[in-house]
Amino acid sequence: MTHSQTTVEDQQYHEAIAAVENTLARLRGCPPRELAELQADIKQLEEMYQKVTSGRIEIVIFGEISTGKSALINALVGRAVAEVDVQGGWTKQVWGTAWDGVGYRVPGLDRSEVVLVDTPGINEIGGNDRTQLAETTARRADLILFVTDSDLNETEYTALVELAGIQKPILLVLNKIDLYSEVERVELDGILQRHVAGMVPHENIVHTMADPRPIEYVIHQPDGSTKTEWKKPEPQVENLKRLILETFEREGLDLIALNAAMYAADKSDKISTLRVKMRNRRADQVIWTLASTKAIAVAANPIPGVDILSGLAVDAVMISSLSKVYGLNFSMAQARGLAKAISKAAGIIALGELTSWGASFFKLVTGTLGTALTLLPQGAAAGYSSYIIGQAAKHYFEHGGSWGAESAKSVVSQILDETDKDSILNHLKDEIRRRLSVNRHAETV
Ligand SMILES: Nc1nc2c(ncn2[C@@H]2O[C@H](COP(=O)(O)OP(=O)(O)OP(=O)(O)O)[C@@H](O)[C@H]2O)c(=O)[nH]1
Ligand SMILES: [Mg+2]
């Protein structure tokens, strides 16, 4: 991959290419654990690199089913490249076709081309998939054609709002105007203008006939008689083509440059978000494992005063493991210190207060385990307090090993306020069940 073919002297354009290159390098340099989740992004960004360096402009066509999106592609290209059908939901895949006849190429880029991208109707693919597919396709687009054949319904309006949110130029195409009288067209135009105000400027609304219905022609014969014949009028998409060309002439290079830069920025954000997410997931794993360890240990060691009952050893291991997740390697002594500080700050969680709900919790667990644990609601209390200590420690490590502007006490009470005891206990119960079922010695607890 090289962009040596470019003779473009445009700083913004070269900055955009550099942004894509840097983000690609950042993506490829991610540790293996992250790389596994970023494969699709790397591939997409490589494609974006190809796109911007070769000067490929993508026009993506969105709209509800049967509004004439595929017909519009045929009309623009001038031959039947796309399948058109009266049956709604005909186009199933996003696909593209080169629009050679457009007569535009980004100045200075020899390999530059314009591609028309057809998409399935926005109300065709279900729920999340639809949003996902539309989102990825729209993010690559340099120019969006939104096709409708009447006033916008709610689905169309929502889709348009989403598209407008990604800051790409949008042309609103009112297709099938052969079905409306002149008066109706003017009226519809006014309604659309009002409905898309703030998203699509008036001059970007355009009327087309991509595949008009046949009309009856009267033919005058040489012998003076007349006959009628049904014929399809020629498609009318010239004004759309003109508008597209004007947009390209005005900002062709800027469009692909801005687009690539935004795309790279999105991917870069994604790495950061992924890091936070993965770190969070690992931290929670550590917390659940050790909170359930403590619950079991406490339940199995009912003698007050035994160190394990205070849970300090387990909490210290938890905190030291958490510190590693956040790249801060706490020694066991440091971890103990932090565990103590948090427990002290959390002094409000008195064991007594927890025993009442703890009792019912452990009865549930012992349904499969015999009777030993029934007596020890303290186990549940211990697991729960570990969870709280773990969450507080997480906050501490997320802030680079400090309580930030807050105190340990306010952090802990905030966590307590935000924590739903029942759901924590249920999760803990599942965790304990899971652990006991994989541990064949569990029955002897
Ligand atoms: N009257 C009229 N019908 C049109 C026009 N353009 C397309 N159609 C008809 O509308 C129907 C749907 O056209 P398509 O191009 O398949 O629509 P689409 O938006 O691609 O539909 P999906 O792929 O199903 O989402 C076909 O029967 C076309 O002949 C037009 O300008 N006028
Ligand atoms: Mg189609």
Query - Amide H contacts under 5 Å for L171, placed H, 5+ residues apart - result: I144, L145, F146
Requested in this report: Quote to one decimal, in nm, the extra length available between R185 and L416 on full extension: 0.36 nm per residue of separation minus the C-alpha distance between them.
Outcome: 77.0 nm
Requested in this report: Mind giving me the nanometre distance, one decimal, between the label points for K277 and V81, set 7 Å out from Cα along Cα→Cβ?
Outcome: 3.5
Report summary line: Inter-part gap, Cα centre of segment 192-208 to Cα centre of segment 376-407, in whole angstrom, is 54
**Report entry** Top positive-direction residue, dipole computed over segment 11-273 with Cβ charges, set A210, W230, I73
**Finding:** I73
Report summary line: A chain fully extended from D151 to D266 at 0.36 nm per residue, minus the present Cα-Cα distance, gains in nm 38.1 nm
Query raised in the report: Given H placed 1.01 Å from N in the peptide plane, which residues other than close sequence neighbours of G68 have an amide H under 5 Å from its amide H?
Result: none
Report summary line: Over 18 Å (Cα to Cα) among K176/K241; K69/K92; K51/K270; K267/K324 -> K51/K270; K267/K324
**Report entry** About the Cα centre, charge dipole magnitude for segment 127-198 (Lys/Arg +1, Asp/Glu -1 at Cβ), debye
**Finding:** 380
Query raised in the report: According to a simple spin-label model (label point 7 Å from Cα along Cα-to-Cβ), what is the distance in nm between I65 and S331?
Result: 6.8
**Report entry** Separation of the E203 and W403 label points, Cα + 7 Å toward Cβ, nm
**Finding:** 6.1
Report summary line: Note, segment 67-77: 3J(HN,Hα) by Karplus (6.51, -1.76, 1.60, θ = phi - 60°), whole Hz, Gly/Pro = x, goes 7, x, 5, 5, 4, 5, 4, 4, 5, 5, 6
Report summary line: With T = 20 °C, eta = 1.002 mPa s and Kirkwood Rh from C-alpha pairs, the Stokes-Einstein D of segment 11-273 in µm²/s is about 107
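I need the peptides 210-220, 391-401, 100-110, 225-235 ranked by packing, meaning the mean over residues of other C-beta atoms within 10 angstrom, with the highest value on top. All intermediate terms of the calculation are to be shown ahead of the outcome.
Numbers: 210-220: 13.0, 391-401: 19.8, 100-110: 15.4, 225-235: 10.9.
Descending packing order for the listed peptides: 391-401, 100-110, 210-220, 225-235.
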Report task. Find the centroid of the Cα atoms in segment 17-60 and in segment 210-267, then give the distance between the two in whole Å. Result -> 34
Query raised in the report: Given H placed on each backbone N at 1.01 Å, which residues far from W99 in sequence or on other chains put an amide H within less than 5 Å of it?
Result: V114, V115, L116
**Report entry** Integer Hz, Karplus 6.51/-1.76/1.60 couplings in order for segment 142-159, x for Gly and Pro
**Finding:** 9, 9, 10, 9, 9, 9, 9, 10, 6, 5, 6, 8, 5, 4, 5, 4, 4, 4
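Laboratory data are not the source of any read-out in this text; all were calculated from the coordinates shown. Remember, it's a predicted structure, so these values are computed and weren't measured experimentally. Cβ atoms come from the backbone with ideal geometry, glycine included; neighbour counts cover every protein chain shown.
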